[in-house]
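The values are calculated or read from the model by the stated rules, or taken from the named source; none is laboratory data. Bear in mind the structure is a predicted one, so any value in this text is a computation, not a measurement. Every residue, glycine among them, receives a Cβ derived from its backbone with ideal geometry; neighbour counts consider all protein chains shown. When the accessible area is computed, the model is the full protein with side chains, heavy atoms only, and any ligands, DNA or RNA have been set aside. Shrake-Rupley method; radii C 1.70, N 1.55, O 1.52, S 1.80 Å.
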Amino acid sequence: RLIAHGLRVAEAKELLEPTQRLVEGSLFRQHESDGLAVFLSRGALDSYLVPLAFEELVVVANRFHIKPLLPLLSGDGRYYILALSQNEVRLLQGTHYSVTEVDLAGAPENLAETVRDDDSRKELRVRTSAPGGKSKRALTGYGNVVDDKENLRRYFRQIDGGLHEALRNEQAPLVLAGVDYLHPIYREVNTYPHLMHEGVAGNPDRLSAEELHKQAWTIVKPYFQRIQQEAVDKYKQWAGSLRVSNDARKIIPAAYHGRVELLLVVADLQQWGVFDSVTDAIHLHEKEEAGHEDLSEFAAMQTLLNGGTVYVVESEKMPDNTWFAAVFRY
C-alpha cells in the first residue's frame with residue numbers, strides 16, 4: 001500500500017519498522033482487550049488497546065483513519081458519575097466502554113473541611129465583634145450552631161459550585177452515587193439540569209471507579225437508547241424533505257460546511273473516494289485506491305468539529321435501509 005502511494009521499498013520498510021517492535025514487545029502479553037488501534041506516521045507511532053471488537057482494516061491516507069473508533073468518540077454515550085459521601089467526593093466521566101476520574105477543583109474534599117471552614121469564619125466574625133474577644137462558641141458550647149442537615153446542604157452547595165465549573169456547557173447526564181439519605185438532600189441544592197432521577201445507592205467509598213461505572217451504565221443505557229431512537233425518528237419525521245438525506249454526495253459537503261445537525265452511520269462500512277473542499281466536487285469509488293479516503297469518516301469528523309452529533313447505529317436500525325443518513329440544520 002505504501003509503495004502504491006509512491007514510497008520506495010526501503011522507505012516503506014523504514015516507516016513500518018516501529019510496528020515490528022510493537023508486535024515483539026510486551027504490550028500484548030501484559031494487557032487484554034478486544035481491539036488494537038495503531039496510528040503510524042513518520043517519526044510517530046501511537047497504539048491503543050480498546051474495548052471494541054472490529055474487522056481488521058489497513059488504511060493508508062493523508063490523515064489517520066479513526067471511524068472504527070467512533071463508538072468511543074460520538075456524543076451518544078458520555079456521562080458523569082458524582083460519588084458523594086461525608087468523607088470524599090469524586091467526579092467520574094464514563095462511556096459505555098471506559099471510565100476516568102475528573103478533577104473537581106473548587107469543591108471541598110469532605111464534609112469536615114466545609115464545617116471547619118465555616119466554623120473558622122464564624123469564629124472570626126464573633127471575635128472581631130464580641131466584647132473582650134470572647135467567641136460565641138465559647139459561651140454556647142460546641143455543636144449548637146447548626147444541625148447536621150444544614151452542614152450537608154452547605155457541603156453539597158460547594159460541591160455543586162465546583163461541578164458547575166467542571167461541567168460548564170455540558171449536556172451529558174449525571175448519575176448521583178451515595179447512601180440513600182444523601183440523595184434527596186443533594187437534589188435540593190443541585191443546579192446541574194441533567195441530573196438523572198435514578199441514582200446508585202450505597203456507600204461509594206467502598207466501590208472502585210469500575211464498579212461505579214458498571215452500576216451507573218445500567219441507569220444511563222436506556223437514556224442513550226432513547227435519544228438515539230429520537231434521532232432516527234427525527235430523520236423519519238423529515239423524510240422526503242430537503243432537511244434530510246441519505247445521499248453521500250449531499251451529506252459530505254454539508255458536513256464540511258457545518259450544515260449537519262445529526263449524522264447516522266454504520267461503523268464498519270466505508271465509502272472510499274475523494275472530496276475537493278474548494279469546489280465541493282466528490283468522486284466515489286467502491287474500493288480503496290491510492291489517494292482515496294473514507295468519506296463517511298470525513299463527514300463524521302466534520303460533523304463533530306462543527307458541533308453536530310454523530311450516532312453509530314446498527315445496520316438493521318438505520319432508516320431507509322441505508323448506511324449513511326443526515327439531518328441538516330438548514
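Given a Förster distance of 35 angstrom, what is the FRET efficiency for residue 198 paired with residue 58, based on the Cβ-Cβ distance and rounded to 0.05?
Computed FRET efficiency for residue 198 and residue 58: 0.20.
With only Lys, Arg, Asp and Glu charged, each at its Cβ (+1 for the first two, -1 for the last two), find how big the charge dipole of region 139-268 is about the Cα centre; round to the nearest 20 debye.
Once rounded to the nearest 20, the dipole reads 620 debye.
Positive end of the charge dipole of the chain (Lys, Arg +1 and Asp, Glu -1 on Cβ, about the Cα centre): tell me which of 152, 324, 178 has its Cα farthest that way.
It is 152.
Could you check the simple spin-label distance between residue 322 and residue 39, using points 7 Å along Cα→Cβ, in nm with one decimal?
According to this spin-label approximation, the distance is 2.9 nm.
Which order do you get for 56, 14, 165, 261 if you rank them by accessible area with a 1.4 Å probe, largest at the top?
56, 14, 165, 261
What nm distance separates the two modelled labels at residue 101 and residue 278, each placed 7 Å from Cα along Cα→Cβ?
The answer from the label model is 5.2 nm.
From the phi of every residue in region 95-109, what ³J(HN,Hα) in whole Hz does the Karplus formula 6.51 cos²θ - 1.76 cosθ + 1.60 yield, where θ is phi - 60° and glycine or proline is x?
Those phi angles translate into 10, 4, 10, 8, 8, 9, 8, 10, 5, 10, 5, x, 9, x, 6 Hz.
Tell me the label-point distance for the pair residue 188, residue 113, using the 7 Å Cα-to-Cβ offset, in nm and rounded to one decimal.
2.3
May I ask you to compute the full-extension gain from residue 305 to residue 10, defined as 0.36 nm times their residue separation minus their alpha-carbon distance, rounded to one decimal in nm?
Extending this stretch completely gives an extra 102.5 nm.
Could you point to the label whose value was computed as Rg and Dmax of the Cα atoms in Å for the structure here, given (i) 26.6, 90; (ii) 21.2, 64; (iii) 22.2, 74?
For Rg and Dmax of the Cα atoms in Å, the calculated option is (i).
Leaving ligands and nucleic acids out of the surface, order 5, 197, 213, 283 by accessible area at 1.4 Å, largest first.
Result of the area sort, largest leading: 197, 283, 5, 213.
List the aspartates and glutamates whose alpha-carbon lies under 17 Å from that of residue 221, not counting same-chain residues fewer than 8 positions away?
Straight-distance partners of residue 221: 76, 198, 210, 211, 230, 314.
Once R0 is set to 51 Å, what does the formula 1/(1 + (r/R0)^6) return for the Cβ-Cβ distance between residue 149 and residue 247, expressed as a FRET efficiency to the nearest 0.05?
Working: r = 60 Å, r/R0 = 1.17.
After rounding to 0.05, the efficiency reads 0.30.
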